[in-house]
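Novice: Shown below is the structure under consideration.
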Amino acid sequence: MRRWFSLTLLFCLALGLAACGPGDGSLVIKANGLSFVTAEVHVPAGQPVTLRVVNQDGYAHAFDIDEFDIHAPLPANAAFDAVFTPAEPGRYRFYCGSPGHAAAGMTGVLVVEP
């Protein structure tokens, strides 16, 4: 019984780590409906960041972070890599720049940690 519990716990831990991202240092943000599935992302200051934004919908979105001058169209069922190095810690809003989407709640926060 104890061995079964340990194996189950180990499997769940491995599954959880695999779900964290692609394993190459990038973070994934998925657009689904009028929301971002991951609405808060944490990254370290002074380190290169790759945000892979995936549009899971059959219609276009956009991905914008004003402070980092990122403004990218996101066609239906497509992905975009935002690559940048945030210098200053803080909280930065990201949003969908398609008309009406941010107003409908398609926003999130990029937290840059010291």
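The values are calculated or read from the model by the stated rules, or taken from the named source; none is laboratory data. Keep in mind the model is a prediction, meaning the values are calculated, not measured. Don't worry about glycine lacking a Cβ; one is built from the backbone with ideal geometry, like all the others, and counts go over all protein chains shown.
Novice: Pairs under 6 Å by beta carbon, first residue in contact (Cβ under 8 Å) with a residue 60 or more places away in the chain in segment 103-114, partner surrounded by 21 or more Cβ atoms within 10 Å (Cβ to Cβ), six or more apart or different chains?
Specialist: Listed by first residue and then by second, the contacts come to MET106/CYS96; GLY108/PHE36; GLY108/PHE94; LEU110/PHE94; VAL112/PRO86.
Novice: Then there's this: What do you reckon, is ALA76 over 16 Å from the mean Cα position of the chain (by Cα), modelled with pLDDT of 95 or more and either surrounded by fewer than 16 Cβ atoms within 10 Å (Cβ to Cβ) or not hydrophobic (A, V, I, L, M, F, W, C) (or both)?
Specialist: yes
Novice: For segment 76-91, which positions are farther than 13 Å from PHE63 by Cα and touching a residue at least 24 places away in the same chain (Cβ under 8 Å)?
Specialist: Selection gives PHE84, THR85, PRO86, ALA87, GLU88, PRO89.
Novice: What residue, of ALA19, ALA45, ALA31, is modelled with pLDDT under 95 and among the aliphatic types (A, V, I, L, M)?
Specialist: None of the others qualify; the one that does is ALA19.
For (1) in contact with a helix residue (DSSP H, G or I) (Cβ under 7 Å, 6 or more places away or on another chain); (2) outside any loop (DSSP other than H, G, I, E, B), each residue gets a yes or a no:
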site	(1), (2)
THR38	no, no
GLN47	no, no
ARG52	no, yes
GLY58	no, no
PRO73	no, yes
ASN77	no, no
VAL83	no, yes
TYR92	yes, yes
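Novice: Pairs under 6 Å by beta carbon, first residue free of Cβ contacts under 8 Å to residues at least 40 places away in the same chain in segment 39-50, partner among the small types (Gly, Ala, Ser) and in a strand (DSSP E or B), six or more apart or different chains?
Specialist: Short answer, once both residue conditions are applied: THR50/SER26.
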